[in-house]
Amino acid sequence: MAGGVVVNAGGGKDYPGKLTMFVLFACIVAATGGLIFGYDIGISGGVTSMNPFLMKFFPSVYHKEQEAERNQSNQYCKFDSQLLTMFTSSLYLAALVASFVAATVTRVAGRKWSMFGGGVTFLVGAALNGAAKDVVMLILGRVLLGIGVGFANQSVPVYLSEMAPARLRGMLNIGFQLMITIGILCANLINYGTAKIKGGWGWRVSLALAAVPAAIIAVGALFLPDTPNSLIDRGYTDDAKRMLKRVRGTEDVEEEYNDLVAASEESKLVAHPWRNILQPRYRPQLVMAIAIPMFQQLTGINVIMFYAPVLFKTLGFADDASLMSAVITGLVNVFATFVSIVTVDRLGRRKLFLQGGTQMLACQIVVGSLIGAKFGFSGVAEIPKGYAAIVVFFICAYVAGFAWSWGPLGWLVPSEIFPLEIRSAGQSINVSVNMLCTFIIAQAFLPMLCRFKFILFFFFGAWVVVMTIFVALFLPETKNVPIEEMVLVWKSHWYWGRFIRDEDVHVGADLEMPSANGNGKVGAGKLVGMQ
């Protein structure tokens with residue numbers, strides 16, 4: 001201990017303070033921004049498996065599906081339509097573009113107003129979709145939903161990482177992923193109910209109810225406090241100190257406040273964050289901001305969550321059974337996320353990444369083999385109930401592995417690794433890469449399913465091997481390390497340390513930092529305020 005600051009086991013300073021109800025409530029409200037993203041992921045797959053929706057907007061897909069069922073033709077190809085996938089994936093293209101605008105809003109106006117803007121835009125998109133008369137109106141609504149998602153995904157993870165005490169940052173940040181999973185589950189339950197509405201207008205209810213999560217985050221954002229980091233960065237230093245005392249529940253915030261001010265002063269020296277992020281000293285963060293969201297989508301999870309009802313229908317399930325199976329995977333997703341919440345700050349990020357990757361790979365091999373054994377390359381088969389139940393079990397095991405690893409950590413790790421001067425730019429890159437990869441995979445999945453058949457599961461399995469090796473070699477442990485000191489983690493890494501010069505580490509007395517694998521300790525750098 002030096003200067004009233006404890007050096008914790010994770011390698012960073014453990015600032016005085018506790019988890020206050022004020023912070024907990026603020027983080028819960030902010031995390032509801034994940035509801036809009038999750039609701040949309042779940043709802044789009046459900047409505048695209050509803051016959052009345054297909055008959056109105058995508059009649060060619062409907063007729064192809066009916067023809068496949070009558071003739072028992074290739075099950076892999078019956079939903080293959082670029083227009084249908086454009087309905088789903090247009091949102092992610094819009095979110096990609098919106099994330100760059102959101103970066104400026106988040107930095108200049110604060111995190112809460114970016115959340116508010118996202119909620120309001122999503123609300124308008126939900127109204128348009130619920131009242132859609134044609135495909136153009138439908139896709140315009142999707143674009144507005146995408147803008148809302150872009151703003152929320154840009155601001156919420158950063159807000160949570162900045163508000164949370166370092167030792168609980170993982171748990172509180174994963175609240176965002178938990179809300180995504182709850183949104184998916186609610187969407188699946190709603191689809192299950194609205195599919196039974198007589199008259200064929202249930203899809204309108206499903207799409208219009210997106211207004212509910214949008215209203216929650218829009219109204220909630222109005223009552224959220226701004227983070228001390230954001231207040232300091234925008235020149236409200238007195239307000240920032242008062243807020244820091246309130247969020248930490250103590251008057252003893254001088255050390256943490258000084259570190260935040262020092263980080264802000266350094267950030268003001270960076271006139272062009274988009275240009276500066278290309279500098280060698282930010283190379284580790286830039287690589288992670290691109291690799292982690294790309295790998296998160298290449299796990300194949302959104303293929304399962306987007307198209308779960310469609311996928312189960314393709315496997316030969318009846319309409320109700322396919323939606324019910326999607327509800328089951330949604331429940332698994334929610335409960336498995338709690339595993340990550342409980343363990344992420346104890347076990348660390350790396351262990352969850354590695355365990356989850358191993359589990360997902362095993363399940364993808366089994367599911368691909370089971371589907372291949374029945375459907376082969378012809379795509380024609382009848383699946384017995386017991387056999388189908390085994391497929392669903394392994395899909396659920398795959399979803400669980402994702403839900404306590406790449407799901408939450410794909411948002412947590414990028415949001416906690418950037419220094420303040422490039423944080424908004426870095427998070428924009430994270431969101432935009434995530435949305436771009438989601439768009440590409442959503443657009444390509446049904447054609448790939450038609451052409452690759454069951455090999456598609458092995459395709460995503462191969463990517464899981466690549467990303468698991470990547471984490472093992474290149475991702476250091478970041479648990480318990482204050483955001484403003486994260487540079488020390490990269491400086492001590494066997495590979496990334498070569499990009500960071502000693503003069504790039506602008507902090508005070510010597511401190512032991514965790515090694516790249518999170519086990520041993522290596523000397524690295526100095527910390528502000530520890531002299």
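Looking at the range 243-296, which GluC sites (Glu not before Pro) are in a loop (DSSP not H, G, I, E or B) and have at most 12 other Cβ atoms within 10 Å? Walk me through the numbers before you get to the answer.
On the way: sites: 251, 254, 255, 256, 265, 266; in loops: 251.
Here the GluC sites (Glu not before Pro) that fit, given the DSSP loop and packing criteria, are 251.
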Nearest-0.05 FRET efficiency for residue 236 and residue 287 at R0 = 41 Å, using Cβ-Cβ distance, is 0.75
Both in Å, the radius of gyration and Dmax of the C-alpha trace of the range 74-212 are 17.1, 54
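Packing-wise, with mean Cβ within 10 Å as the measure, how do 208-215, 272-279, 409-416 rank, highest first?
Working: 208-215: 21.1, 272-279: 14.6, 409-416: 25.9.
Highest to lowest by the protection proxy: 409-416, 208-215, 272-279.
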Here Rg/Rh (Cα, Kirkwood) for the range 135-175 equals 1.28
Low-density loop trypsin sites (Lys or Arg not before Pro), the range 151-233, at most 11 other Cβ within 10 Å, DSSP non-H/G/I/E/B, are 196, 198
HN-Hα couplings for the range 407-415 via Karplus (6.51, -1.76, 1.60; θ = phi - 60°), in whole Hz with x for Gly/Pro, come out as x, x, 6, x, 9, 5, 4, x, 6
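Do the alpha carbons of any pairs in 385/453; 241/479; 133/453 sit beyond 23 Å of each other, and which pairs? Could you put the intermediate results ahead of the total?
Values: 385/453 21 Å; 241/479 25 Å; 133/453 34 Å.
From 385/453; 241/479; 133/453, over 23 Å: 241/479; 133/453.
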With every protein chain kept in place and a 1.4 Å probe, the range 217-292 has an accessible area per residue in Å² of 46 Å²
Quick P(r) readout (the range 189-228; Cα-Cα; 10 Å bins; whole %) gives 26, 34, 21, 14, 5, 0
Cα extents of the range 111-192 per principal axis, largest first, Å, are 50, 30, 13
Debye calc, one equal point scatterer per Cα of the range 374-503, no solvent, log10 I(q)/I(0) at q = 0.22 1/Å comes to -1.51
Bounding extents of the range 160-293 in its principal axis frame from Cα atoms, largest first in Å, are 62, 38, 26
With T = 37 °C, eta = 0.692 mPa s and Kirkwood Rh from C-alpha pairs, the Stokes-Einstein D of the range 148-199 in µm²/s is about 254 µm²/s
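Sort 186-193, 417-424 by packing, meaning the average of other beta carbons within 10 Å per residue, with the highest value first. Write out the running numbers ahead of the final one.
Details: 186-193: 22.0, 417-424: 24.8.
Ranked from most to least packed, the peptides come out as 417-424, 186-193.
The values are calculated or read from the model by the stated rules, or taken from the named source; none is laboratory data. Note that the structure is a prediction, hence the values are computed from the model and not measured. We place every Cβ from the backbone using ideal geometry, glycine too, and count neighbours over all the protein chains shown. SASA here: full protein model, heavy atoms, side chains in, ligands and nucleic acids out. Shrake-Rupley method; radii C 1.70, N 1.55, O 1.52, S 1.80 Å.
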